[in-house]
Amino acid sequence: MHKLFLRFPNKESEENLWGKKMALLKFLFPPTLFVTATSLASFTTMASAGLSEFRGKNVQYSKFFNVGSKASDADKSNNSTLPSRVAMATLYTPAFLAGVSSFAIFPEENLRFLLLKSAISIHFFKRVLESCFVHKYSGEMGVETMMTILSSYFISSAVMIFTQHLTVGLPEPAIDLKTPGIVLFMIGITGNFYHHFLLSKLRNEGPNKEYKIPRGGLFGFVVCPHYLFEVSIFWGFAFISQTLFSFAYAMGTSCYLLGRSYATRRWYLSKFEEFPHNVKSMIPFLF
């Protein structure tokens, strides 16, 4: 005769779960239901987009514009497009405005909040300026693609700012990550700009701006060092903020850019026979 055993949470397992929760709260502000839900949605969306990039279903912009698209020529002709420079500058602007307007909407005297608002505003203002004056573009971007990326940046930035607003007045996390967050942000924004500048120097002047194998900086180690430093920027946001949403957004962005860098390396290998196979996608010596 078989005995039926039912497992109930025992005191030890409850204590372990509570211990893990308390350890997590040493680094994070306590999340509300809203923060938890938006964090899960943000990470899931970004991670899924990264997986799609791995599988070859690429977001249609830059060198992947119309690459692998199965739409008919008639469908493509009906899709509205904009010059890449206009589209790229436009898609970063709402996130920049979200950062700037947050100074007026949430004027709380709180150093952590001030640092986060400043970092978001600086990053997206830099991207607008780079789109206007640094990058060399040769193609177009679909309006639908532009609106998708624009919405992602704007909503994520706005939610990150709002979730930070919800922490004002709460006890600070036991472990303060603001200083390493500032360091990560500064390293990220400097390295990101430097490698964008190197990329701009590769493109020929005139109407035929052909792609070349990137050289200089960390391009000898990875094909997308600008993505690596962009990840550093978003982890800087997370460490400065110390909210669950900011960490979920940083993790999701990391997953997406890992997928995008993998697709970019695959594109270079297919286009250039002399592309060095020892150059990784985004993380030197590892990936």
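The values are calculated or read from the model by the stated rules, or taken from the named source; none is laboratory data. Predicted model, so just to flag it, every value in this text is computed and none were measured. For neighbour counting, all protein chains shown are included, and Cβ atoms are generated from backbone atoms with ideal geometry for every residue, glycine included. Remember, those area values only see protein heavy atoms, side chains included, never the ligands or the DNA or RNA. Shrake-Rupley method; radii C 1.70, N 1.55, O 1.52, S 1.80 Å.
Worth pointing out:
- Evaluation of residue 95 against (1) among the hydrophobic types (A, V, I, L, M, F, W, C); (2) over 24 Å from residue 195 (Cα atoms); (3) open to solvent by less than 20 Å² (accessible area, probe 1.4 Å); (4) touching a residue at least 60 places away in the same chain (Cβ under 8 Å) (one fails), failing number: (2)
- Qualifying positions in region 21-34 - assigned to a helix (DSSP H, G or I) and either within 30 Å of residue 149 (Cβ to Cβ) or in contact with a strand residue (DSSP E or B) (Cβ under 7 Å, 6 or more places away or on another chain) (or both): 33, 34
- Residues in region 120-135 that are over 15 Å from residue 91 (Cβ atoms) and in a loop (DSSP other than H, G, I, E, B): 134 alone.
- Criterion: closer than 26 Å to residue 33 by Cα, of a type in the set (Gly, Ala, Ser) and open to solvent by 30 Å² or more (accessible area, probe 1.4 Å) - qualifying residue of 238, 174, 250: 174
A quick yes/no check of all residues on (1) modelled with pLDDT under 95; (2) more than 15 Å from the chain's Cα centre (by Cα); (3) not in a helix (DSSP H, G or I):
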{"position": "176", "(1), (2), (3)": "no, yes, yes"}
{"position": "218", "(1), (2), (3)": "no, yes, no"}
{"position": "230", "(1), (2), (3)": "no, no, no"}
{"position": "257", "(1), (2), (3)": "no, no, no"}
{"position": "260", "(1), (2), (3)": "no, no, no"}
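- From the options 41, 37, residue that is modelled with pLDDT of 95 or more, touching a helix residue (DSSP H, G or I) at 6+ places or on another chain (Cβ under 9 Å), in a helix (DSSP H, G or I) and open to solvent by less than 70 Å² (accessible area, probe 1.4 Å): 41
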